[in-house]
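The values are calculated or read from the model by the stated rules, or taken from the named source; none is laboratory data. All values reported here derive from a predicted model rather than from experimental measurement. FYI the Cβ positions are ideal-geometry reconstructions off the backbone, even for glycines, and counts take in every protein chain you see.
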Amino acid sequence: MALAALLAGGPRAVLAQADADGVRAAVERANSPAVWGEALRRADPAPLATIWAGDALDYFSGEVLMFRARGLRLLSTPVDLQVLGVELLPGDRAQAETTEEWHDYLCSAEGELRGERRARVRDRYELEWRDAAWWVSGVDVDLVGGSFSWTPAEDPAESASPCAAVLDWEAPPARHEGASGRAGAAAHVAARSATAGRLAARIARTIAAAAKHRIAPDRNAGV
């Protein structure tokens with residue numbers, strides 16, 4: 001029925017649906033363990049450059065290097081991530097709105113637990129289409145539950161530390177395969193499902209954009 005509705009709308013409707021699916025795939029990839037999680041688990045900003053761009057990329061890369069300089073790493077478990085809607089804009093731009101819930105661990109580079117926090121947020125992402133792919137160039141963040149502040153925590157006495165994951169360096173940086181909305185709706189749906197299934201770790205979100213890409217509250221303040 002959905003396919004019939006798209007076909008009834010002609011090629012333009014099919015293209016718009018493919019672009020919307022590509023935007024969703026890009027947002028999910030930007031938050032995936034292969035990109036977001038690896039960059040902050042390893043304190044290496046390189047994976048961010050595979051999907052983030054512009055002021056947001058510059059800001060996040062600086063945050064990663066700041067934690068690295070402090071001898072800290074971050075792990076984040078996604079409790080929930082839902083893309084609520086996508087809006088395609090003129091000039092090869094788009095916006096996407098999400099609700100997200102994260103459980104974060106603050107770790108030392110040696111794998112010792114230092115703190116944890118839980119937060120629920122509502123985010124609005126800004127994306128740009130270039131080089132045959134969607135790139136995430138900015139985001140606004142609204143805290144709707146929990147806290148961005150860290151609660152001191154210690155490793156459990158009788159079980160492994162959750163921060164042991166920062167000592168695992170086997171996962172390589174992700175390659176950008178392109179969240180190309182115009183390559184076909186079916187490919188984007190498959191990519192979205194695969195990305196959602198791989199979500200496992202990510203850092204506490206400090207989202208930024210400057211001037212035309214707004215800067216969001218610093219979620220890592222107080223570390």
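Residues that are touching a helix residue (DSSP H, G or I) at 6+ places or on another chain (Cβ under 6 Å) and either assigned to a loop (DSSP other than H, G, I, E, B) or of a type in the set (Lys, Arg) (or both) within segment 62-96 comprise just one, Arg73. Contact map, segment 132-151: residues that are farther than 18 Å from Glu97 by Cβ paired with residues that are surrounded by fewer than 16 Cβ atoms within 10 Å (Cβ to Cβ) and of a type in the set (Gly, Ala, Ser), Cβ distance under 9 Å, separation 6+ or inter-chain. Pairs shown: Phe148/Ala221; Phe148/Gly222; Ser149/Ala221; Ser149/Gly222; Trp150/Gly222. For segment 65-83, a residue qualifies if it is surrounded by fewer than 23 Cβ atoms within 10 Å (Cβ to Cβ) and over 19 Å from Glu100 (Cβ atoms), and the qualifying residues are Leu65, Met66, Phe67, Arg68, Ala69, Arg70, Gly71, Leu72. Beta carbons closer than 7 Å, at least 6 apart along the sequence or on distinct chains, pair a first residue in segment 84-96 that is free of Cβ contacts under 8 Å to residues at least 24 places away in the same chain with a second that is in a strand (DSSP E or B) and not aliphatic (A, V, I, L, M) for Leu84/Glu97; Leu84/Thr98; Leu84/Thr99; Gly85/Glu97; Glu87/Gln95; Leu89/Gln95. Among the residues of segment 30-53, those that are in contact with a Lys or Arg (Cβ under 9 Å, 6 or more places away or on another chain), in a helix (DSSP H, G or I) and more than 19 Å from Gly71 (Cα to Cα) comprise Pro33, Ala34, Val35, Thr50.
Quick one: in segment 15-54, which of the residues that are among the acidic types (Asp, Glu) and touching a Gly at 6+ places or on another chain (Cβ under 9 Å) is modelled with the highest pLDDT?
Let us first name the residues in segment 15-54 that are among the acidic types (Asp, Glu), namely 19, 21, 28, 38, 44.
Filter again for touching a Gly at 6+ places or on another chain (Cβ under 9 Å), leaving 19, 21.
Numbers: Asp19: 90, Asp21: 94.
Top of the filtered list is Asp21.
Residues in segment 53-76 that are under 19 Å from Asp104 (Cβ atoms) and in contact with a Phe, Trp or Tyr (Cβ under 7 Å, 6 or more places away or on another chain): 5 in all. Take the residues of segment 97-121 that are within 13 Å of the chain's Cα centre (by Cα) and either free of Cβ contacts under 8 Å to residues at least 60 places away in the same chain or assigned to a loop (DSSP other than H, G, I, E, B) (or both): which is farthest from Ala153 (Cα to Cα)? Applying the filter and picking the extreme gives Glu97. The single condition from (1) touching a Cys at 6+ places or on another chain (Cβ under 9 Å); (2) without any contact (Cβ under 8 Å) to a residue 40 or more places away in the chain; (3) charged (D, E, K, R) that Arg73 fails is (2). Reported count of residues in segment 47-61, each being of a type outside the set (S, T, N, Q) and in contact with a helix residue (DSSP H, G or I) (Cβ under 7 Å, 6 or more places away or on another chain), is 7.
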